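Undergrad: Below is a structure I'd like to ask you about.
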Amino acid sequence: MLTTLKSVFLLLLPLAVFSQKTVLPGNPDVNTSYLKSGRSLYTIYYVKGDTWTKKGTYTNDITILGNEIKFVANYKDENDKWYRKRTSVADAKTFSPLTFKSEGIKNSIDLNFGNTITGKYHYVNGDKDKQIAIKPASKFVDFNLADLFFTTLPLNVGYKAVIPEFYYTENPDSVLSNYIIKDVKSYIQRSPKTGNHESWLVNILEESTGAVYTYIIDKKSHRIWQREMPAGGGITEICIDEELDYQPIANKFNKEEALQKLEKGNSVIVGTAFARDHSSKKGIAVVNINKAQYAPKGTVVSILPNSAYLDEWKEVNKKIAKGKKLPPVPIDPNVEACIKKTTVYDDKGHFEFTNLMPGEYILLTSFGYTHTYSYSYYAGTSYLMHPSGAVLSSSDVYKSANATTGATAEIEMKVTVRKDGDKVDVNLKDVR
């Protein structure tokens, strides 16, 4: 009985392998409505064991306009030693390829797809262009569009398909190969920014190289969260979506407006930066000896126009910190360009800002100082003794002492300039 079953299994195996359907552009399985115009950024890592090495990035730009899909993949090395830009255009409904262009440091390729594929191979070093004319044996998917093509399919547990691909080589007999979807399973993708996402784990064999690619594709949005592929020498290339569309801050930062507020007005803010201590030490009152510790001459004081964006950014990160599950939202990189700085110009902590427009501003500074203080401490117990040796009463004895410690003042303060030409005097102080 076992032998019979084994024979039947061996007879059915080839049929099972070759019965996988072939999915070409225009196939009912292809649903291009899943694709949306926009940009994605992926970071490329080479991973060996527990070591992750950043190798570069690539951006995917999708533009859907009329009857065409334009896709641009732009690869950049981490050290700017190489780049490769690939641009593909396809039919927006069928995904049939129309044109392809690849641009690199040493060469470029231009292709026009049709019954005969025509184009040229251009050498940057000045060698003569090579003209291209290829008649493919069957229909195919442009390899540069393959990742997107996978996301248009009705992925489900056990889904399988064969997808012919076109990849240009100088040997026209080897330009066609197959991607074979081997396995699709459910998977939970954990994003450090947006939490858990129900996804598909898709294993795809590239027939020409024998390499198996692993994709994590979102079940709802059809975005590619991650792609893994062998890179040789025991190294795995892992590309991770950086979620450019993650925008938890509704308000936008206006760089031009912020710069104008710092440069186009007639108001000034003058002030004094200092620290004053009113602290305690283990529950015992501390008396500060040096009442005001002025910011030293040369201390940097910064000013930044406040905005709805900055208020919301602070509030969102405060909530994230309480939840302790997600990393803080990074600040808009344009904010740094809108920070104006000055320095304390004397030994009394004085500073000045000029050319300010009316509005609310954030002042910030940080400086170290010596905290000198006196404090009381428990020194023992005093006893009143009877001549017989009996204890009549007792009382605690306290003594005082002086001490110094190093301290750092971290000061942030909001200041409002109400009308143009005003002079606002502020005390920028850290009270402990």
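Undergrad: Taking the range 111-157 as the search range and keeping residues that are among the β-branched types (Val, Ile, Thr) and over 30 Å from VAL202 (Cα atoms), which one is nearest to the chain's Cα centre (by Cα)?
TA: VAL124
Undergrad: Here is a follow-up. May I ask you to verify whether GLU352 is modelled with pLDDT of 85 or more, farther than 16 Å from TYR294 by Cβ and either of a type in the set (Lys, Arg) or open to solvent by 80 Å² or more (accessible area, probe 1.4 Å) (or both)?
TA: So GLU352 does not fit the description; no.
Undergrad: Give the residue that is most open to solvent (accessible area, probe 1.4 Å), with candidates limited to residues of the range 310-349 that are over 23 Å from ALA409 (Cβ atoms) and among the basic types (Lys, Arg).
TA: LYS324
Undergrad: Determine, yes or no, whether ASN290 is at pLDDT 90 or above and more than 22 Å from THR342 (Cβ to Cβ).
TA: Working: at pLDDT 90 or above: no; more than 22 Å from THR342 (Cβ to Cβ): yes.
For ASN290, the condition - at pLDDT 90 or above and more than 22 Å from THR342 (Cβ to Cβ) - is not met.
Undergrad: Between a first residue in the range 405-432 that is within 17 Å of ALA273 (Cα to Cα) and of a type in the set (Val, Ile, Thr) and a second residue that is at pLDDT below 90 and assigned to a loop (DSSP other than H, G, I, E, B), which pairs have beta carbons less than 9 Å apart while being 6 or more apart in sequence or on different chains?
TA: VAL431/ASP277; VAL431/HIS278
Undergrad: Among the residues of the range 199-226, which ones are under 18 Å from ASP245 (Cβ atoms) and in a strand (DSSP E or B)?
TA: SER199, ILE216, ILE217, ASP218, ILE224, TRP225, GLN226
Undergrad: Looking only at the range 145-159, decide whether some residue is open to solvent by 60 Å² or more (accessible area, probe 1.4 Å), under 23 Å from LYS55 (Cβ atoms) and touching a residue at least 24 places away in the same chain (Cβ under 8 Å).
TA: Scanning the range 145-159, I find no residue that is open to solvent by 60 Å² or more (accessible area, probe 1.4 Å), under 23 Å from LYS55 (Cβ atoms) and touching a residue at least 24 places away in the same chain (Cβ under 8 Å), so the answer is no.
Table: residues versus (1) of a type in the set (Ser, Thr, Tyr); (2) modelled with pLDDT of 60 or more; (3) part of a strand (DSSP E or B).
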| position | (1), (2), (3) |
| --- | --- |
| TYR361 | yes, yes, yes |
| THR370 | yes, yes, yes |
| SER400 | yes, no, yes |
| LYS429 | no, yes, yes |
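Undergrad: Sticking with this structure for a sec: Just the residues that are out of contact with any helix residue (DSSP H, G or I) (no Cβ under 9 Å at 6 or more places or on another chain), buried (at least 16 other Cβ atoms within 10 Å of the Cβ) and over 17 Å from ILE204 (Cα atoms), please, taken from the range 217-266.
TA: ILE235, ILE240, ASP241, GLY265
Undergrad: Return the residues of the range 168-206 that are surrounded by fewer than 16 Cβ atoms within 10 Å (Cβ to Cβ), at pLDDT below 95 and within 22 Å of PRO230 (Cβ to Cβ); say none if nothing qualifies.
TA: Scanning the range 168-206 gives THR169, SER174.
Undergrad: Only one of (1) farther than 14 Å from LEU145 by Cα; (2) assigned to a strand (DSSP E or B) fails for ILE64. Which number is that?
TA: Failing condition for ILE64: (1).
Undergrad: Moving on. How many residues are in contact with a Phe, Trp or Tyr (Cβ under 7 Å, 6 or more places away or on another chain) and over 18 Å from TYR58 (Cβ atoms) if we restrict to the range 226-257?
TA: 4
Undergrad: Looking at the range 51-62, is at least one residue out of contact with any strand residue (DSSP E or B) (no Cβ under 7 Å at 6 or more places or on another chain), under 23 Å from ILE181 (Cβ atoms) and open to solvent by 70 Å² or more (accessible area, probe 1.4 Å)?
TA: The answer is no; no qualifying residue exists.
Undergrad: Can you name the residue in the range 79-118 that is open to solvent by 80 Å² or more (accessible area, probe 1.4 Å) and aromatic (Phe, Trp, Tyr) and is also farthest from LEU24 (Cα to Cα) among such residues?
TA: So, considering only residues that are open to solvent by 80 Å² or more (accessible area, probe 1.4 Å) and aromatic (Phe, Trp, Tyr), the one farthest from LEU24 (Cα to Cα) is TRP82.
Undergrad: Here is a further query. With the condition kept exactly as written, say whether any residue in the range 153-171 is closer than 29 Å to GLU103 by Cα, of a type outside the set (Asp, Glu) and assigned to a helix (DSSP H, G or I).
TA: no
The values are calculated or read from the model by the stated rules, or taken from the named source; none is laboratory data. No experiment lies behind these values; they were computed from the predicted model shown. For neighbour counting, all protein chains shown are included, and Cβ atoms are generated from backbone atoms with ideal geometry for every residue, glycine included. Accessible surface is based on the protein model in full, side chains and every heavy atom, while ligands, DNA and RNA are left aside. Shrake-Rupley method; radii C 1.70, N 1.55, O 1.52, S 1.80 Å.
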